[in-house]
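Every read-out reported here was derived from the displayed coordinates using simple, explicitly stated rules and does not represent laboratory data. Just so we're clear, the structure is a prediction, and the values are computed from it rather than from any experiment. Positions of Cβ are generated from backbone atoms using ideal geometry, with glycine treated the same way; all protein chains shown enter the neighbour counts.
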Amino acid sequence: MELRQLRYFVAVAEELHFTRAARRLGLSQPPLSQQIRQMEEELATPLFDRSRKRVALTEAGRMMLDEARATLAQAERTALVARRAGRGEVGELRVGLFASAPLLPAFARTIIAFRGTLPDVRLTLQEAPTLAQLDALQRRALDAGFLRCPSADHLPPGLDTVELAREPLVVVMRRDHRLARRAATLPVAALAEEPMIFFARSVGTTLHEQLAALCRRAGFAPRIVQEARENSTLMGLVAAGLGLAVLPHSLSQIRVGGVVVRVLDSAEATTVTWLAVPREGRTQLAGALLRCARAAAA
């Protein structure tokens, strides 16, 4: 049985008149009557009682009418979903983000703009460090990702990117640390021999490579004495006096008592947040998120 036949049946059932139903459908009466007869033969039961004066539904026809209407409505919903998906209005968008991305106003602006533009899209956010996201983007396990790295040169080819936020790296230390008595900025060389707390390498952050490069240019290697996996854990260890940490400025929003922040005095001591999507095979939804990010960055 075809959807076309169900539409014919519903029209006749609602009009209870073959001529009016044919006019409503834009058909002549004979083809309509023929289609109804074919349905009855296929179902092996009459759907209408016919006489010269009236057309009435049989019990089978009455039972079938509600089901036919529901089937046609579901078919229309299915077609609508397909059309909207084709226009990039519905579906699912899988987006990666590093743990502290939500602290950045540009992240919030991007997400709010996207949800305002495409409210029916299911936005699935998956927390993951930058290196894991890059792998997932290449495998198409993510459609887009909020990444952190010093510059676009550190990103692999094949990605379309938007720079969302640029922020300095800062030194976080206890208020009673000797370096806290210095001015608002610190040279990188001041960190030589200082015990430092940093993210475990297994976390997969690009900050490892950046910190090592900064220290190397200043003539020393960072002295990591303690590792942590979570932002709040790292800040707590600093507050406990186990060492100081070099972090993006946005993480200083995690309030911990007795801790102060000093900006590193180096042009290279800057980190950037990017939105990245694969250039090849990019979905319409990912393209829409990219446009929202450009507007948010502007």
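Points worth noting:
- Looking at the chain alone, DSSP beta bridges between its own residues are antiparallel in about 60 percent of cases.
- Amide H contacts under 5 Å for Phe199, placed H, 5+ residues apart: Ala228
- For the range 256-262, backbone phi angles converted through the Karplus equation (6.51, -1.76, 1.60; θ = phi - 60°) give residue-by-residue couplings of 10, x, x, 10, 10, 10, 10 Hz, Gly and Pro being listed as x.
- Answer label, with Kirkwood radius over Cα pairs in Å calculated from the coordinates and candidates (1) 20.0; (2) 21.7; (3) 24.0: (3)
- Listed from fewest to most Cβ neighbours within 10 Å, the set Arg279, Arg255, Arg291 follows the order Arg255, Arg279, Arg291.
- Fewest-first ordering of Thr19, Thr271, Thr161 by other beta carbons within 10 Å of each residue's beta carbon gives Thr19, Thr161, Thr271.
- Shape category assigned to the range 3-86 from the gyration tensor of Cα positions, a/c cut at 1.5: prolate
- Using the Karplus relation 6.51 cos²θ - 1.76 cosθ + 1.60 with θ = phi - 60°, the per-residue 3J(HN,Hα) values for the range 188-196 come to 4, 4, 5, 8, 4, 6, 6, x, 10 Hz, with x marking Gly and Pro.
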